[in-house]
Structures are given as C-alpha cells and as structure tokens.
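Inspection log for the structure reproduced underneath, given as structure tokens.
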Amino acid sequence: MDDSGQTATSAGLVTAPHVLDGEQPLDVADALVRLSGLVQGLYARIAERHDLTPVQAKLLCIVADRPRGMADLARCFGVEKAALTGLVDRVERRGLAARSSVPGDRRAVQVVPTDAGRQASAAFHAEVSAELSRLLEPLSPAGRDQFRAAVAQIIAACQGHGPDDGTG
C-alpha cells in the first residue's frame with residue numbers, strides 16, 4: 001500500500017482498498033463473516049417463506065438427489081446420529097421425507113424424500129439460487145467468474161483436495 005492508500009497488485013494494477021460506506025478497509029475475515037451473514041439471513045428468510053426451518057430445508061436439499069443414510073446425514077450436519085433423529089422425525093411428520101431400510105443391510109435406515117419433499121426442495125432451491133445470483137449482480141461478468149473460481153478453490157482446499165491447478 002502506498003501513501004495514497006492504494007494497493008499495487010501482482011499484475012501491476014493499482015486499486016483502492018476495499019471499503020464499505022466510508023468504513024475502514026474491509027479485511028478478508030470480516031468480509032467473509034459479513035458475506036456469510038448475508039447468505040445465512042437470505043437462506044433463513046426463504047426457508048420461512050416455504051414454511052421450513054433452515055435445517056429442514058438443508059435436509060430436504062441433501063436428500064433430494066438420492067436417499068441418504070443416517071450416518072451420512074449426521075456427518076453432513078456435524079452431529080451424532082441420535083441428534084439427527086428429532087429433525088428426521090419432524091420432517092417425516094410433515095410428510096416431506098420418510099425412513100426406509102437400506103437394501104442389503106436390514107439394520108441401516110436411510111432418509112428418502114417424498115414427492116411433497118422433492119417439490120418443496122425444488123421450489124426452495126430455485127428461490128435460493130435466484131436470490132444468491134442477485135447478490136452477485138454488482139460484479140461485472142469477469143468479477144463473477146473470478147468470484148466463482150476463488151470460491152471453488154477455497155472449497156476444494158477445505159475438502160483436502162487443494163486448488164485445482166490443472167495438474168491433477
């Protein structure tokens with residue numbers, strides 16, 4: 001950063017520090033926390049409009065593509081299987097999902113969406129996708145592409161795969 005408050009990038013471009021409404025420069029951690037809050041708030045408001053809790057919406061989205069076992073779902077939610085039981089009970093009572101046995105393993109149980117659950121998941125997912133896309137409208141098309149690439153790298157790194165550099 002030079003005396004004017006501008007930053008030289010590795011490409012030699014000079015940019016102003018990222019600020020919001022005259023605040024101090026926004027650091028990356030603060031920016032990610034704020035973005036997370038925006039996304040979580042949006043997700044919660046849309047879930048409410050669909051008469052779902054955010055966690056019920058997440059469960060329906062996870063099982064929409066294929067049935068999932070309780071252990072797999074517990075990993076997705078970061079909880080023990082016993083803690084997941086109440087959530088599945090509530091979604092099942094609403095007729096949005098059902099438990100079924102896993103073929104070939106009579107002790108295992110999986111959660112399967114009902115037709116109503118698939119419809120609820122599809123409607124919720126479509127609305128969330130549209131609203132999240134609106135969050136990116138202030139970015140140029142190139143900025144959106146850079147954002148997607150950066151997010152993909154972060155996610156890949158967090159999953160233990162590292163950024164996709166085209167060498168793997």
Task: Cα extents of the range 26-133 along the three principal axes, largest first (Å) - done: 54, 27, 21
Open item on the list: What three numbers, in Å, describe the spread of the alpha carbons of the range 117-158 along their principal axes, ordered from the longest?
Closed with: 34, 27, 10
TODO: Quote the charge dipole size of the range 57-168 about the Cα centre in Debye, to the nearest 20; the model charges only the Cβ of Lys and Arg (+1) and of Asp and Glu (-1).
DONE: 520
Task: Footprinting exposure proxy for Arg144, Arg93, Arg68 (fewest neighbouring C-beta atoms within 10 Å first) - done: Arg93, Arg144, Arg68
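Each reported figure results from applying straightforward, stated rules to the coordinates on display, with no laboratory input. What you are looking at is a predicted structure, and each value in this text was computed from that prediction instead of being measured. A quick note on method: Cβ atoms are made from the backbone with ideal geometry, for glycine too, and the neighbour counts reach across all protein chains shown.
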